[in-house]
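Enquirer: Quick one: this structure, given as structure tokens, is what I'll be asking you about.
The values are calculated or read from the model by the stated rules, or taken from the named source; none is laboratory data. Here the structure is a predicted model, which means the values were calculated and not measured. Here Cβ is always computed from backbone atoms with ideal geometry, including for glycine, and neighbour counts include all displayed protein chains. When the accessible area is computed, the model is the full protein with side chains, heavy atoms only, and any ligands, DNA or RNA have been set aside. Shrake-Rupley method; radii C 1.70, N 1.55, O 1.52, S 1.80 Å.
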Amino acid sequence: MTPECERVLDCLDGPLPPDLASHAAGCADCRALLEGFHVLAPPAALPPPVPINEAKLEQTRRQSLTELAAHPLPTPWWKEVAVLLAAYLGVGAVGLFVVGRHGMMLNSASPWVVALVALLIIVGVGGGAMVALAPRQRTWPFTLVAVGALVVALAQLSGRSGVQVRPFLAGTLGCMGAEVALSVVPLSLALVLLCRSAFQPVRALAAGLSSAGVSLLVLHVHCPDGSAGHLMLGHVLPWFVLAGVAVFIRSRLPSRTYAP
């Protein structure tokens, strides 16, 4: 290393004088030294911090304190689930009473098949309510809800009786209307309860499938038509559509509280 190279080494923390700059341009060792130093040099000055809006910060703090004062203790989530399931039970009983005036159990499939599919729907209704309202897990995987809905739908189709009693169009439209009408109250209550927390699409989907599952259960045990086309268009399709409507409506509704 030449004396000029040593001088270049001493001046790394600042600009090089003209004579040393010309030496570094022609010296391979000095060029490698300067390139390595530039790579390891400290980064450029950080941008100035964004000024904090003190007024908005104070407004947020006051809103948080107001929410905590109004709801100092968390609401037991199981009470909301119990209220929702009680509403499901009441709507299901009324639905069976109204549509069952000429016969309660008109599904002509095997009694064991009818009972098994009904049990799957009941599990789906209860499980959907738990997924929608239980806070033990902040986010639920979409595949869990989707697979559960698919299992119930396939059980409906695979457990069909194959009997077609009414004209296809009249029977399908009748079941569609009954399923929508019986889902109004459960779906409305589920949306009200969901507004107590932030919007999560998976929870809204589970609530929609759960609340519309009440009418799906009523039609399953009462409807005498068991053809694949009727079950798909008159039972399963409205169930999925109502679940999608629940997600859409909940996404447009404001959350009423974020209290713990």
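Enquirer: Kindly provide the set of residues from the stretch 82-101 that are farther than 15 Å from GLY124 by Cα and not aliphatic (A, V, I, L, M), ordered by number.
Expert: Scanning the stretch 82-101 gives GLY90, GLY95, PHE97, GLY100, ARG101.
Enquirer: Exactly one of (1) open to solvent by 70 Å² or more (accessible area, probe 1.4 Å); (2) among the hydroxyl-bearing types (Ser, Thr, Tyr); (3) in contact with an Asp or Glu (Cβ under 9 Å, 6 or more places away or on another chain) is unmet by SER158. Its number?
Expert: Evaluating SER158 over (1) open to solvent by 70 Å² or more (accessible area, probe 1.4 Å); (2) among the hydroxyl-bearing types (Ser, Thr, Tyr); (3) in contact with an Asp or Glu (Cβ under 9 Å, 6 or more places away or on another chain) leaves (3) as the failure.
Enquirer: In addition: Quick check on the stretch 69-79. Is at least one of its residues over 18 Å from HIS235 (Cβ atoms), at pLDDT below 90 and open to solvent by less than 60 Å² (accessible area, probe 1.4 Å)?
Expert: yes
Enquirer: Sticking with this structure for a sec: Within the stretch 204-260, track down each residue that is surrounded by fewer than 23 Cβ atoms within 10 Å (Cβ to Cβ) and among the β-branched types (Val, Ile, Thr).
Expert: Answer for the stretch 204-260, where residues must be surrounded by fewer than 23 Cβ atoms within 10 Å (Cβ to Cβ) and among the β-branched types (Val, Ile, Thr): VAL221, VAL236, VAL241, VAL245, VAL247, ILE249, THR257.
Enquirer: Also, quick follow-up: Test PRO201 against the stated conditions and say whether it is over 25 Å from ALA228 (Cβ atoms), modelled with pLDDT of 95 or more and touching a helix residue (DSSP H, G or I) at 6+ places or on another chain (Cβ under 7 Å).
Expert: No: the conditions fail for PRO201.
Enquirer: Here is a list: VAL98, VAL91. Which entry is in contact (Cβ under 8 Å) with a residue 40 or more places away in the chain and part of a helix (DSSP H, G or I)?
Expert: Only one candidate qualifies: VAL91.
Enquirer: For the stretch 49-68, which residues satisfy the criterion of being among the hydrophobic types (A, V, I, L, M, F, W, C), open to solvent by less than 90 Å² (accessible area, probe 1.4 Å) and more than 23 Å from PRO135 (Cβ to Cβ)?
Expert: ALA55
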